[in-house]
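Before any comments, here is the structure.
The values are calculated or read from the model by the stated rules, or taken from the named source; none is laboratory data. Computed from a predicted model, the values in this text were never measured in an experiment. With ideal geometry, Cβ positions are generated from the backbone for all residues, glycine too; neighbour counts draw on all protein chains shown.
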Amino acid sequence: MTIEVEAGEAIGSEVDLRPSPTILIGGACIIGLISALALPWPVAIASTMLGTLMIAGADVDARTFLLPNLITFGALIGGIVAAALLDTTQSWGAAVQATARAVCVAGALALFRGGYGWIRNTEGLGLGDVKLAGAIGAWLPLEAIPLCFGIATGGALVTVLLARLSGQTVLRTTRIPFGAFLCPALWIVFFANNVTP
């Protein structure tokens, strides 16, 4: 998981929290194209926005073990706004439900983070991951949220196994940028949940 300070604080030296322009632009173009080909236009726009934010988040977290507030809160607010705009029959109800899911999912992960810290006397999950969990709640229906966390956790486990098999030392204290797995998992589940059969 990630050990994190608030975005903008330095750990020893200045930390660059900007995503790579090449990765961001290239990824956004690919996600935009996939979304435009597979989703109705309002959902395709939301998918492209979410995907672009998640590419930025994954890139920054993979390099720095930090998820900037601009990305996590942008995704959270974007999810609530998208819920209202995409549900034309009950816009306010959809926004309220998205907000409630966001609070519940972020709260559950905050409890997990606090419980782990209390039992182990060390931080095992960063605050950025908790904030990103709020975005997951805002963007995904309740039944899809466990799948998102399952994909992210599975990806992290496979990465650790591959690192071990390649001879790298992986200890119980080895840091893993969990946000780098949560970000793509959120977009994948949102996209898959909105593709019409």
Which residue pairs have Cβ atoms closer than 6 Å, lie 6 or more positions apart in sequence or on different chains, and pair a first residue in region 96-108 that is among the basic types (Lys, Arg) with a second residue that is in a helix (DSSP H, G or I)? 101/137
Could you check, for region 149-168, whether at least one of its residues is hydrophobic (A, V, I, L, M, F, W, C), over 18 Å from residue 43 (Cα atoms), assigned to a helix (DSSP H, G or I) and in contact (Cβ under 8 Å) with a residue 40 or more places away in the chain? no
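Go over the candidates 37, 50 one by one and state the one that is in contact (Cβ under 8 Å) with a residue 24 or more places away in the chain and either part of a helix (DSSP H, G or I) or crowded, with 20+ Cβ neighbours inside 10 Å (or both).
Details: 37 fails: in contact (Cβ under 8 Å) with a residue 24 or more places away in the chain.
Result of the check over 37, 50: 50.
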Can you name every residue in region 112-158 that is polar (S, T, N, Q) and modelled with pLDDT under 95? 121, 122
Restricting attention to region 74-108, which residues are surrounded by fewer than 23 Cβ atoms within 10 Å (Cβ to Cβ) and within 19 Å of residue 28 (Cβ to Cβ)? 74, 77, 78, 81
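Identify, from the list 78, 93, 107, the residue that is over 12 Å from the mean Cα position of the chain (by Cα) and over 25 Å from residue 41 (Cβ atoms). Spell out how you get there, then give the answer.
Numbers: 78 fails: over 25 Å from residue 41 (Cβ atoms); 93 fails: over 25 Å from residue 41 (Cβ atoms).
Criteria check complete, one pass: 107.
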Set 171, 182: member being of a type outside the set (Phe, Trp, Tyr) and without any contact (Cβ under 8 Å) to a residue 40 or more places away in the chain: 171
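Conditions tested, residue by residue: (1) more than 11 Å from the chain's Cα centre (by Cα); (2) buried (at least 17 other Cβ atoms within 10 Å of the Cβ).
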{"site": "144", "(1), (2)": "yes, no"}
{"site": "150", "(1), (2)": "yes, no"}
{"site": "154", "(1), (2)": "yes, no"}
{"site": "162", "(1), (2)": "yes, no"}
{"site": "167", "(1), (2)": "yes, no"}
{"site": "178", "(1), (2)": "no, yes"}
{"site": "181", "(1), (2)": "no, yes"}
{"site": "191", "(1), (2)": "yes, yes"}
{"site": "195", "(1), (2)": "yes, no"}
